[in-house]
Amino acid sequence: MKIVLSGFYGLGNTGDEAILKAIVDNLRSELDNPDITVFSLSPEKTSKEHQVKSVYRGWRHENKQKVKALREADLLISGGGGLLQDTYPTKFLFGPLPYYLLIVFLAKLCGAKVMFFSQGIGPVTSTWGKILMKFFANMANFVTVRDQYSKDYLHSLGVKRPETVVTADIVFAFQGTEDNSAYDSLGLDGSERIVAVAPRPWFEQEEEYIEKLAWTLDRLIEQRSVTPVFVPMEPPYDTNVSKRIIEKMEHGDKTKLLGDHFTPNQFYQFIGKADVTIALRLHALIFSALSNVPHIGLSYDRKVESFLKRSGMWKHSFTLEEFNREELLGSALYSLDNSVEVKQMMEPNVEALRQEAKRNVYLLKEKFGGLK
């Protein structure tokens, strides 16, 4: 089967690169020698890392190559991740939402089938965005979404024609390999209690949450002698936020900051060595769940809350707008002091999510396996 992948690939976001790796690895596990082409902002790097064909994803050049790839394709996979949203400005033909939907339209013109794969939907709040969704998203042949909220939201936007099935984020089917490069880079001696911290920039809430998180990490250092390690899932943005948190701390000298050159697998392997994770980044939380590491989310988006409810950690987590530092400290202390109990609670939830993630590919095979 010839497959084209369209997503937020080649831009250095660890979560999206983890999505790409999980999709490619699982397609190869379940399909007979799939021929995969990825639309990427860094096509040479993507091609080398994943042993796939790759074409520049933007409209500035290689448009003939994009059309050629779609004409030859049996299936366009759009996803995974939160592609269909207009949190960032959506203009007539520019912005994430028009881009991904126009790729869908182009695929249909070229005769390829289309699957929205393991997506988180929304928010779509602009009038133009809603029009685009109702017209173009209904062209898909089949849809899997990573939570019930996304399915309901998709239907509320008038996207009801394609069959839609709730599964889980494909990163729950991530196939990791042992690699301690990230951990070894920190010069730790192995006795540390590690708190992995994965922040991100977030509009008007940023300064307030930075101060609260800095205070919480200081108290954890004082009360439990932890070593906070910042994990920049999307450099340089997360690196810069991490440095601002460290600057606000009284004990910033007792923290570590991972370099921003590590692969998704290396970040995944590092998070597996943590005692607890505090994160805004969804895929840092998913890496923690996969490694059975207690995790506390600061939810800036419904996708984070939806995941935390499924992993069982929502009762220990908070919305970014409403949390206070004392409650965050209490959750972190509870997770550190009762890790065995927390892990036992999480384990069956995470296994269910792992099976649901694999189901994305099983459903693809069921719906499109007869193509060529």
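Details
- Exposure ranking of S47, S242 by accessible area [1.4 Å probe, largest first]: S47, S242
- Among the trypsin sites (Lys or Arg not before Pro) in region 226-300, none sits in a DSSP loop with a Cβ that has at most 13 other Cβ atoms within 10 Å.
- Solvent exposure of region 48-182 as accessible area per residue, Å², 1.4 Å probe: 44
- Rounded to the nearest 20, the size of the Cβ-charge dipole of region 57-174 about its Cα centre is 460 debye, with Lys and Arg at +1 and Asp and Glu at -1.
- Segments 302-313, 48-59, 345-356 sorted - mean Cβ within 10 Å per residue, highest first: 302-313, 48-59, 345-356
- Between helix 96-109 and the chain: long-axis angle, C-alpha atoms, 0 to 90°, nearest 10: 30
- Computed with a 1.4 Å probe over protein heavy atoms only, the accessible area of K45 comes to about 120 Å².
- List W215, W128, ordered by accessible area with a 1.4 Å probe, largest first: W128, W215
- For the chain, the gyration tensor built on C-alpha atoms gives a prolate shape. Its axis ratio a/c (a ≥ b ≥ c) is at least 1.5, and a/b is the larger of a/b and b/c.
- For region 181-216 and region 28-107, distance of Cα centres in Å: 32
- The listed residues L217, L41, once ranked by accessible area (1.4 Å probe) with the largest placed first, stand as L41, L217.
- Whole-number percent relative contact order across region 169-275, with pairs defined as alpha carbons under 8 Å at least 6 apart: 40
- Surface per residue (accessible, 1.4 Å probe) for region 216-372, Å²: 41
- Cross-link pairs exceeding 23 Å in C-alpha to C-alpha distance, out of K21/K358; K21/K130; K48/K108; K113/K151; K108/K367; K53/K151, comprise K21/K130; K48/K108; K53/K151.
- Annotation: amide H of V114 within the under-5 Å range of L76, N141, F142, sequence separation 5 or more or interchain, hydrogens built in the peptide plane.
- Mean sequence separation of contacting Cα pairs (under 8 Å, at least six apart), scaled by the length of region 114-181, corresponds to a relative contact order of 37 percent.
- Bins of 10 Å from zero: percent of alpha-carbon pairs in region 8-118: 14, 48, 35, 3, 0
- Alpha carbon centroid spacing (whole Å) that separates region 248-298 from region 314-372: 15
- Heavy-atom accessible surface of the chain: percent carbon and sulfur, 1.4 Å: 48
- Here the contact order of the chain, divided by its residue count and restricted to Cα pairs under 8 Å and six or more residues apart, works out to 15 percent.
- The aspartates and glutamates whose alpha-carbon is closer than 16 Å to the alpha-carbon of K64, local same-chain residues fewer than 8 away aside, are E72.
- The amide H of M313, built 1.01 Å from its N in the peptide plane, has no neighbour under 5 Å, considering only residues 5 or more places off or on other chains.
The values are calculated or read from the model by the stated rules, or taken from the named source; none is laboratory data. Note that this is a predicted model, so its numbers are computed, not measured. Quick reminder, even Gly has a Cβ in these numbers, built from the backbone with ideal geometry, and neighbours come from all protein chains shown. Note: accessible area is taken over every heavy atom of the protein model, side chains too, but ligands, DNA and RNA are not part of it. Shrake-Rupley method; radii C 1.70, N 1.55, O 1.52, S 1.80 Å.
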